[in-house]
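> Dropping the structure in here first, questions after.
Every read-out reported here was derived from the displayed coordinates using simple, explicitly stated rules and does not represent laboratory data. Being a predicted model, the structure only gives us computed values, none of them experimental. Here the Cβ positions follow ideal geometry from the backbone for every residue, glycine too, while neighbour counts run over all protein chains shown.
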Ligand code: 5GP
């Protein structure tokens, strides 16, 4: 696959504040040409969400059909729902030389790392367990039973933190944004990417 863009994977246990961080980051970072991949999911749409903007909300039957047709670059079952990244859509973004941000879980991250070893993965952690529980209740978009289940799943997610390239402790929103910026900016400046981006200039400079 032709690649000029970078792939950034962001994962976090539920309630750490990943969605807000990503939303703010993308709004602020319009100039760096980074596109968030929109996943397919079988989970129910939440009140503030929009189909085709937050996710492509599809039925389990359609999702299974897409698996059979090899339409996913990766997919996983999270909290009893399926989530998957479209192969076609990722190819389209990469070929354009754009960077991609993947908001996926540790299972998806493992699969993407295998296919694209150059991709960079970031894991977000809460400042404490107490704060995490507060955030889950405050978010108030899930039933109590779901919140308790998400808390249980926290440990299952946590144990994968060492599989990631970067760790961000999401204590202070501003600091976390700045951490994320530092990661993305420094990756973009790597010689291997700059060499492609500035091929013309570099060739010119090399001329005697
Ligand atoms: P939520 O239902 O709260 O939007 O997402 C639940 C979890 O599924 C989050 O950890 C999110 O990162 C993950 N997720 C979302 N889309 C994908 C995807 O396409 N693939 C994988 N593996 N996980 C995803």
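> Sort 154-160, 103-109 by packing, meaning the average of other beta carbons within 10 Å per residue, with the highest value first.
Details: 154-160: 14.4, 103-109: 22.0.
The most tightly packed comes first, giving 103-109, 154-160.
> Need one number: nm distance between label points at residue 169 and residue 79, each 7 Å from Cα along Cα→Cβ, rounded to one decimal.
Modelled inter-label distance: 2.6 nm.
> Same structure, new question: Calculate the FRET efficiency for residue 60 and residue 38 from the Cβ-Cβ distance with a Förster distance of 25 Å, rounded to the nearest 0.05. All intermediate terms of the calculation are to be shown ahead of the outcome.
Numbers: r = 19 Å, r/R0 = 0.75.
According to the calculation, E is roughly 0.85.
> Also: Find how much the distance from residue 204 to residue 145 grows on full extension, using 0.36 nm per residue of separation minus their present alpha carbon separation; answer in nm with one decimal. Before the final figure, lay out each step's value.
Values: separation 59, 0.36 × 59 = 21.24 nm, distance 6.27 nm.
Full extension from residue 204 to residue 145 adds 15.0 nm.
> Run the helix sum for the chain: -39,500 (n - 2.57) per DSSP H stretch of 4+ residues, divided by residue count, reported at 222 nm to the nearest 500 deg cm²/dmol. Don't jump to the answer; show the numbers that get you there.
On the way: 9 runs with 96 residues, N = 208.
Theoretical 222 nm ellipticity from helices: -14000 deg cm²/dmol.
> Please find, in a Gaussian network model of the chain (springs between Cα atoms separated by less than 10 Å), the residue of 90, 168, 45 whose mean-square fluctuation is greatest.
Looking only at 90, 168, 45, the largest GNM fluctuation is found for 45.
> Can you bin the stretch 1-149 into rounded, prolate or oblate? Criterion: square roots of the alpha carbon gyration tensor eigenvalues sorted a ≥ b ≥ c, rounded for a/c under 1.5, prolate for a/b above b/c, oblate for the rest. If you can, show how the numbers build up before the last one.
Numbers: a/c = 1.76, a/b = 1.28, b/c = 1.38.
Cα axes put the stretch 1-149 in the oblate bin.
> How do 12-22, 78-88 rank on mean C-beta neighbours within 10 Å, highest first? Write down the numbers at each step before the final one.
On the way: 12-22: 20.4, 78-88: 16.8.
The densest-packed peptide leads the list: 12-22, 78-88.
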